1. Which one of Ser191, Ser23, Ser42 has the biggest mean-square fluctuation once the chain is modelled by GNM with Cα springs under 10 Å?
2. Rank by packing, highest mean first: peptides 68-78, 199-209, with packing defined as the count of other Cβ atoms within 10 Å averaged across residues.
3. Where the eigenvalues come from the Cα gyration tensor of the chain, what are the semi-axes √(5λ) of the equivalent ellipsoid, largest first, in whole Å?
4. Could you work out how far the C-alpha centroid of region 72-87 sits from that of region 314-360, in angstrom?
5. Taking N as the number of residues in region 102-225, what is its Cα Rg relative to 2.2 N^0.38 Å?
6. Can you bin region 232-334 into rounded, prolate or oblate? Criterion: square roots of the alpha carbon gyration tensor eigenvalues sorted a ≥ b ≥ c, rounded for a/c under 1.5, prolate for a/b above b/c, oblate for the rest.
7. In the structure shown, do any of Lys4/Lys216; Lys60/Lys226; Lys222/Lys251; Lys174/Lys304 have a Cα-Cα gap over 27 Å, and if so which?
8. Helix hunt in the chain: which complete DSSP H runs extend at least 20 Å axially by C-alpha with mean Kyte-Doolittle at least -1.0?
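Derivation of every value follows stated rules applied to the coordinates shown; laboratory data play no part. Since this is a predicted model, take the numbers as computed values, not measurements. Quick reminder, even Gly has a Cβ in these numbers, built from the backbone with ideal geometry, and neighbours come from all protein chains shown.
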Amino acid sequence: MQRKIPCVLMRGGTSRGPYFLASDLPADPGRRDAVLLSVMGSPHALQVDGIGGSNTLTSKVAIVSRSQREGADVDYLFAQVSVTEALVDTKPNCGNMLAGVGPFAIEAGLVRPGNPTTMVRIYNVNTQTLIEAVIQTPGGRVEYAGDTHIDGVTEPAAAIKLTFLDALGAVTGKLLPTGSTLDRIDGIDASCVDMAMPVMIMAAEAFGKTGRETPKELDADKAMLKKMEAIRMEAGRRMGMGDVSRLVVPKPVLVSRPTQGGNIASRYFTPHACHSSHAVTGALAVGTAAVLPGTVASRYIEPKGFSGGMLSIEHPSGHIEVDLVTNRSGATPVVERASFVRTARRIFEGAVYVPDALFD
């Protein structure tokens with residue numbers, strides 16, 4: 001016997017995956033994860049027995065429910081489903097999938113739409129942070145069509161503005177989990193920062209790279225990936241996360257000087273392959289590190305001394321912009337909130353089937 005589960009497949013930013021109502025999935029985390037593995041077809045390199053896309057960027061799940069928390073409209077739990085392992089990681093947030101949460105919540109009847117826009121206050125369960133999403137809803141209906149382009153997506157769509165209100169220390173509880181802006185790990189300088197996403201930022205040149213390589217070129221350097229993973233293991237320990245071998249955080253980032261008119265260049269890893277564009281939460285972490293004196297990122301920011309405002313990060317598919325609001329009253333600038341513009345699209349709705357035994 002098979003169980004039928006209502007499902008909406010959406011593109012959120014530069015990611016894609018199924019969106020579910022929490023009430024349609026098992027409440028027990030273990031059974032829920034087993035269902036998600038079956039839904040996506042993991043573990044299998046092609047995810048041939050599910051609806052996953054054989055890539056970390058298309059093997060993501062959003063689980064949404066009406067929130068009981070003061071100041072929030074909906075709760076959003078993100079799940080990163082491994083392609084090749086029987087592993088579901090709910091520790092990090094995903095800012096790209098986040099872009100689809102507001103439209104999904106409105107069309108699922110969880111939030112009453114306004115006109116011409118609707119503010120959806122989203123509580124991210126993974127990181128216990130609050131995000132405000134402004135959705136285009138002319139006439140009280142979600143509008144997906146628009147003229148906003150984001151690099152990494154072919155067609156333009158309606159703008160969705162995401163504002164992170166309290167992303168500092170999202171996973172570890174500290175902006176600088178190791179207590180320092182700079183750590184020396186296995187002979188490499190690394191800045192371990194937790195702002196929406198725990199990352200370890202290193203210089204591309206420390207690995208003999210220019211920072212302008214394509215994801216395919218970087219992924220082909222197995223020796224570099226092995227060294228980076230060893231550093232990630234130690235960084236995770238120093239950041240207080242223990243053994244991170246089965247976690248997707250912290251994420252490695254290689255930074256370099258910009259060459260395409262941006263403020264800094266970044267190659268973001270997910271964590272074992274280079275992202276084809278850039279994670280939203282990762283961009284917030286990179287931007288925050290760039291305005292913190294003493295970090296690896298601050299060495300490459302242009303112009304020097306940048307301390308807030310619109311920051312453009314170059315990535316393999318183009319640029320991602322983050323608007324940083326900083327408090328400059330102290331000795332160093334502190335990022336208080338950050339905004340991004342993303343887009344999303346509802347691709348199809350229906351039901352996905354899994355073995356009924358997974359619910360028993």
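1. It is Ser23.
2. Packing proxy ranking, top to bottom: 199-209, 68-78.
3. So the equivalent ellipsoid measures 31, 24, 19 Å along its semi-axes.
4. For region 72-87 versus region 314-360, the Cα centre distance is 13 Å.
5. 1.44
6. It comes out oblate by the Cα gyration axes.
7. Lys4/Lys216
8. Answer set is 222-238.
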